[in-house]
1. Please state the relative contact order of region 76-209 as a whole percent: Cα pairs under 8 Å, 6+ residues apart?
2. In deg cm²/dmol and to the nearest 500, what is the mean residue ellipticity at 222 nm of the chain if only DSSP H runs of at least 4 residues count, each as -39500 (n - 2.57), divided by the residue total?
3. I need the helices of the chain that pass two filters: whole DSSP H segments spanning 20 Å or more by Cα along the axis, and mean Kyte-Doolittle score no lower than -0.5.
4. With viscosity set to 1.306 mPa s and temperature to 10 °C, compute the Stokes-Einstein D of the chain, Rh being the Kirkwood radius across alpha carbon pairs; µm²/s, no decimals.
5. Which FRET efficiency, nearest 0.05, do I181 and I204 yield, Cβ-Cβ r, R0 25 Å?
6. In terms of modelled amide H atoms, which long-range or inter-chain residues lie less than 5 Å from the amide H of K210?
7. Rg (Å, one decimal) plus Dmax (Å, integer) for the alpha carbons of region 83-163?
Amino acid sequence: MDKFFETTNTRMAGDERREQLCKIAMHLFSERGFRGTTTKEIANAAGVSEAVIFKHFSNKDELYASILDHKACSHPLSDPFAEIADKIEQKDDFGVFYGMALNALNHHKDDADFLRLMLHSALEGHDLARVFFDNFITYIYDFLGAYIRRRQEDGAFREVEPRVVVRAFIGMFVHHSLNNILWDKEQKLLKISNEEAAHEFAEILLRGIKNKKAKVKSKK
């Protein structure tokens with residue numbers, strides 16, 4: 001049996017059981033999608049009856065939606081900039097982009113199921129993908145875009161639409177993660193550590209948007 005699904009029938013507290021069901025459901029949803037996963041399969045993987053699932057969630061949609069709430073509580077989805085707040089305050093441009101890229105790459109590596117789940121959700125047109133986009137992706141564009149605009153006003157960055165910069169930056173590390181998680185798991189095309197990748201992505205971006213008279217702070 002897959003180690004992920006090694007479960008026991010021991011009695012769990014309500015919150016503990018909900019968390020267990022969310023984790024197992026997320027793994028199955030990430031592999032088969034919402035439509036391709038049944039509550040019976042989730043119950044079997046958790047070692048419980050379907051009745052236990054419906055005790056905690058009124059239906060499969062509610063279970064699916066609760067995964068996002070679970071992730072928001074267990075991972076820094078609500079504020080992806082908290083870990084680099086000091087870099088933002090210091091206007092350490094390299095530190096901001098390096099830190100953001102490294103944190104994202106590490107989270108993708110440690111939690112590939114969630115990335116796959118979001119892809120399935122988007123392809124299936126499920127509301128979960130829209131909620132994630134509205135609550136998380138939009139926030140990243142707004143917050144990071146505002147930082148870029150401030151640095152343009154400081155004369156550090158050249159004039160370019162901030163959201164274009166955000167999209168180019170996110171595109172680098174998301175594409176990198178998707179390659180490693182979906183297509184090139186053995187990293188035959190490009191084998192590089194997350195630290196090295198984050199460093200190069202930050203350098204590439206900053207050398208493209210910096211004001212020619214400004215210096216790029218680099219982390220060696």
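Values in this text are rule-based calculations from the coordinates and carry no lab data. What you see is a predicted model, and the numbers here were worked out from it, not measured in a lab. Positions of Cβ are generated from backbone atoms using ideal geometry, with glycine treated the same way; all protein chains shown enter the neighbour counts.
1. Computed value for region 76-209: 35 percent relative contact order.
2. When only DSSP H runs of four or more count, the value is -20000 deg cm²/dmol.
3. Once both thresholds are applied, what remains is 60-74, 93-110, 162-178, 194-209.
4. 82 µm²/s
5. That gives a FRET efficiency of 0.70.
6. It is R158, by chain and number.
7. 15.2, 44
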